[in-house]
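Below is one structure, written out as structure tokens; comments come after it.
The values are calculated or read from the model by the stated rules, or taken from the named source; none is laboratory data. Bear in mind the structure is a predicted one, so any value in this text is a computation, not a measurement. All Cβ positions, even for glycine, are placed from backbone atoms using ideal geometry, and neighbour counts span all protein chains on display.
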Ligand SMILES: [Zn+2]
């Protein structure tokens, strides 16, 4: 059983965004690897808190989590609430510590190891049609990101000699404790600006608009997040660029309803088509398909078109398209039609006789999910 995200942060459900941020700040400081060198339990707690915060700080993800729990993020391959590595966690710190204390150069840290500064992540939303989701698509999207302005040069920080860390000795009741903290002079990057051109910010960066090509695999779902590595903001000096996080938004389809990888289609036919049989063209995610409805079809019958659903994200198999047959009852009748149906009502042949091999509604539902 995965631990509850609210429990991890010591919060109750319904906590506000400010409370979540505050609780995470506390945990991040308490279990920070720099404070707990070599302590695996602390590291585990540090990672868990970061993962909980990643979900609960994002209004969309929080809503999904509140409704579905951990299941909301399962089955998504490498996306969404999957495991976070230390780089991801430290890159979150830009948002949490707001550039104060932990430095304005984005994320860094790590128990004694020197770490290259990482630029902050960028987040965008991409709206996809069901057809694009079914077939996979390449989107070209304009993104405003910070890059190193050409002509910017950096030199080694003299305060920390380029290590990005300063060591402090504190006296505690347990004795002298050595802690290392990020260097405030360089924000932990180990480098400071030597020269920057006009138009560059204090870190030697400038904002540019770039077109980023994003390959979206078939089978993604609303709320999933894809990561385009290195397409976030660049970091100063020899730091590494942050990532571009792409949140998937699924547009509603006029005819088809998605349920996991299966699709549902409501087909309406008339009394006479049900009695005589019919041939109808319906929309699928891979174009139109003609289906044949046998004569004598019952309302509620489900026709399964194998493989006409959404491909699974991991590349194995495809969902089906389930066509639900609904026999449409006219809401008004003229005199002639009324006489016709009154005659039919008296005819024994028109009396319902569902025992002749017909499955009940509940049996059909059971079949559908087996
Ligand atoms: Zn420094």
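Quick check on my filter: what residues within the range 216-264 are more than 14 Å from residue 131 (Cβ to Cβ), more than 10 Å from the chain's Cα centre (by Cα) and surrounded by 20 or more Cβ atoms within 10 Å (Cβ to Cβ)?
Result: 231, 232, 233, 234, 235, 236, 237, 239, 241, 242, 243, 244.
Pull up the range 178-193, narrow it to residues that are surrounded by 12 or more Cβ atoms within 10 Å (Cβ to Cβ) and part of a strand (DSSP E or B), then point me to the one that is farthest from the ligand (Cβ to nearest atom).
Initial filter on the range 178-193 (surrounded by 12 or more Cβ atoms within 10 Å (Cβ to Cβ)): 179-193.
From the residues that got through so far, the ones that are part of a strand (DSSP E or B) too are 179-182, 191-193.
Values: 179: 16, 180: 12, 181: 11, 182: 8, 191: 8, 192: 7, 193: 12 Å.
Filtering first and then ranking leaves 179.
Matching residues to (1) closer than 26 Å to residue 288 by Cα; (2) at pLDDT 90 or above; (3) surrounded by 11 or more Cβ atoms within 10 Å (Cβ to Cβ):
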{"site": "318", "(1), (2), (3)": "yes, yes, yes"}
{"site": "331", "(1), (2), (3)": "no, yes, no"}
{"site": "350", "(1), (2), (3)": "no, no, yes"}
{"site": "354", "(1), (2), (3)": "no, no, no"}
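Starting from the range 328-356, keep only residues that are outside the structural domain of residue 296 (by TED's automatic domain parsing), then list their pairs with residues that are not in a loop (DSSP other than H, G, I, E, B) whose Cβ atoms are within a distance under 9 Å, requiring at least 6 positions of separation or different chains.
From the range 328-356, no pairs qualify.
How about the range 141-161: which of its residues are more than 12 Å from the ligand (Cβ to nearest atom), closer than 16 Å to residue 239 by Cα and not in a loop (DSSP other than H, G, I, E, B)?
145, 146, 147, 148, 153
Out of 164, 199, 230, 175, I need the residue that is over 30 Å from residue 308 (Cβ atoms) and within 14 Å of the ligand (Cβ to nearest atom). Which one? Steps first, answer last, please.
Values: 199 fails: within 14 Å of the ligand (Cβ to nearest atom); 230 fails: within 14 Å of the ligand (Cβ to nearest atom); 175 fails: within 14 Å of the ligand (Cβ to nearest atom).
Answer to the check: 164.
Is at least one residue of the range 270-282 free of Cβ contacts under 8 Å to residues at least 24 places away in the same chain, in contact with a strand residue (DSSP E or B) (Cβ under 9 Å, 6 or more places away or on another chain) and under 22 Å from residue 129 (Cβ atoms)?
Yes, the range 270-282 contains a residue that is free of Cβ contacts under 8 Å to residues at least 24 places away in the same chain, in contact with a strand residue (DSSP E or B) (Cβ under 9 Å, 6 or more places away or on another chain) and under 22 Å from residue 129 (Cβ atoms).
With the requirement that a residue be surrounded by 12 or more Cβ atoms within 10 Å (Cβ to Cβ) and either assigned by TED's automatic domain parsing to the domain that holds residue 233 or over 26 Å from residue 207 (Cα atoms) (or both), what does the range 146-166 give you?
Matches in the range 146-166: 159, 160, 161, 162, 163, 165, 166.
For residue 197, all conditions in the list (1) part of a loop (DSSP other than H, G, I, E, B); (2) exposed (fewer than 13 other Cβ atoms within 10 Å of the Cβ); (3) modelled with pLDDT under 90 hold save one; what is the number of the exception?
Of the numbered conditions (1) part of a loop (DSSP other than H, G, I, E, B); (2) exposed (fewer than 13 other Cβ atoms within 10 Å of the Cβ); (3) modelled with pLDDT under 90, the odd one out for residue 197 is (3).
Return yes or no: is residue 69 out of contact with any helix residue (DSSP H, G or I) (no Cβ under 8 Å at 6 or more places or on another chain) and at pLDDT below 85?
Yes.
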